[in-house]
Amino acid sequence: MAATNQDEVEIPQALIEAAVAARQHAYAPYSGYQVGAAILSQDGTVTTGCNVENASYGLSNCAERTAIFKLVSEGGDRRLKLVVIATKDGGSPCGACRQVLAEFGRDFRIASYAVETKKTQVWTMAELLPDAFSLED
Ligand code: THU
């Protein structure tokens with residue numbers, strides 16, 4: 001899907017660096033694909049996460065969900081502003097993570113950052129998951 005207009009969005013370098021740093025903690029011995037996520041909340045706080053894999057593959061947790069579960073369980077600001085995901089190649093969030101992030105809004109932005117090329121791509125949550133499942137709509 002086409003990303004949102006890249007010119008409209010400024011991604012703070014510190015948030016990219018937080019996602020890249022979180023990626024260093026990735027536990028990904030099975031896929032070898034390391035992912036870091038950094039969530040900027042509206043109050044300015046940043047919460048990070050990485051993927052954590054398991055020998056029982058289906059139990060693996062993505063970086064985005066690690067970060068959002070940390071944020072909520074630590075009592076952080078759930079009003080999301082921007083999420084940066086760092087991978088080697090700029091991969092976009094998986095379907096499960098889109099649904100979990102969409103729980104906390106539709107109009108915040110998600111940026112993927114490719115460590116190898118330093119390129120970013122930006123979407124709104126609504127672009128990534130139109131018509132997300134909700135009990136409230
Ligand atoms: N992964 C994430 O952390 N986030 C995503 O949005 C997609 C995939 C992880 C899961 C697994 O540990 C590895 O990347 C390869 O799929």
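The values are calculated or read from the model by the stated rules, or taken from the named source; none is laboratory data. Since the structure is predicted, the reported quantities are computational estimates derived from the model, not experimental observations. Note: ideal-geometry Cβ built from the backbone for every residue, glycine included; neighbour counts use all protein chains shown.
A compact table of results
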{"item": "ALA111 vs. criteria without any contact (Cβ under 8 Å) to a residue 40 or more places away in the chain and either closer than 19 Å to VAL9 by Cβ or not in a helix (DSSP H, G or I) (or both)", "result": "no"}
{"item": "Residues being buried (at least 18 other Cβ atoms within 10 Å of the Cβ) and in a loop (DSSP other than H, G, I, E, B) - total across region 114-133", "result": "1"}
{"item": "Test: ILE39 is more than 15 Å from the ligand (Cβ to nearest atom) and not in a helix (DSSP H, G or I)", "result": "no"}
{"item": "Options VAL52, VAL9, VAL46, VAL83: the member that is away from the ligand (no atom under 16 Å from the Cβ), among the hydrophobic types (A, V, I, L, M, F, W, C), under 28 Å from PHE133 (Cβ atoms) and touching a helix residue (DSSP H, G or I) at 6+ places or on another chain (Cβ under 9 Å)", "result": "VAL46"}
{"item": "Among the candidates GLY90, GLY76, GLY105, residue that is away from the ligand (no atom under 13 Å from the Cβ), at positive phi and in a loop (DSSP other than H, G, I, E, B)", "result": "GLY105"}
{"item": "Residues being among the aliphatic types (A, V, I, L, M), within 11 Å of the ligand (Cβ to nearest atom) and buried (at least 20 other Cβ atoms within 10 Å of the Cβ) - total across region 59-73", "result": "2"}
{"item": "Conditions (1) touching a helix residue (DSSP H, G or I) at 6+ places or on another chain (Cβ under 8 Å); (2) more than 21 Å from HIS25 (Cβ to Cβ); (3) surrounded by 16 or more Cβ atoms within 10 Å (Cβ to Cβ): number failed by ASP107", "result": "(3)"}
{"item": "Yes/no for ASN51 being polar (S, T, N, Q) and buried (at least 23 other Cβ atoms within 10 Å of the Cβ)", "result": "yes"}
{"item": "Any hit, region 75-90, residues being among the small types (Gly, Ala, Ser) and more than 17 Å from ALA19 (Cα to Cα)", "result": "yes"}
{"item": "Qualifying residue in region 28-36 (condition: closer than 13 Å to LEU128 by Cβ, within 16 Å of the ligand (Cβ to nearest atom), part of a strand (DSSP E or B) and modelled with pLDDT of 95 or more)", "result": "no"}
{"item": "Hits in region 1-21 (condition: in a loop (DSSP other than H, G, I, E, B) and at pLDDT below 95)", "result": "MET1, ALA2, ALA3, THR4, ASN5, VAL9, GLU10"}
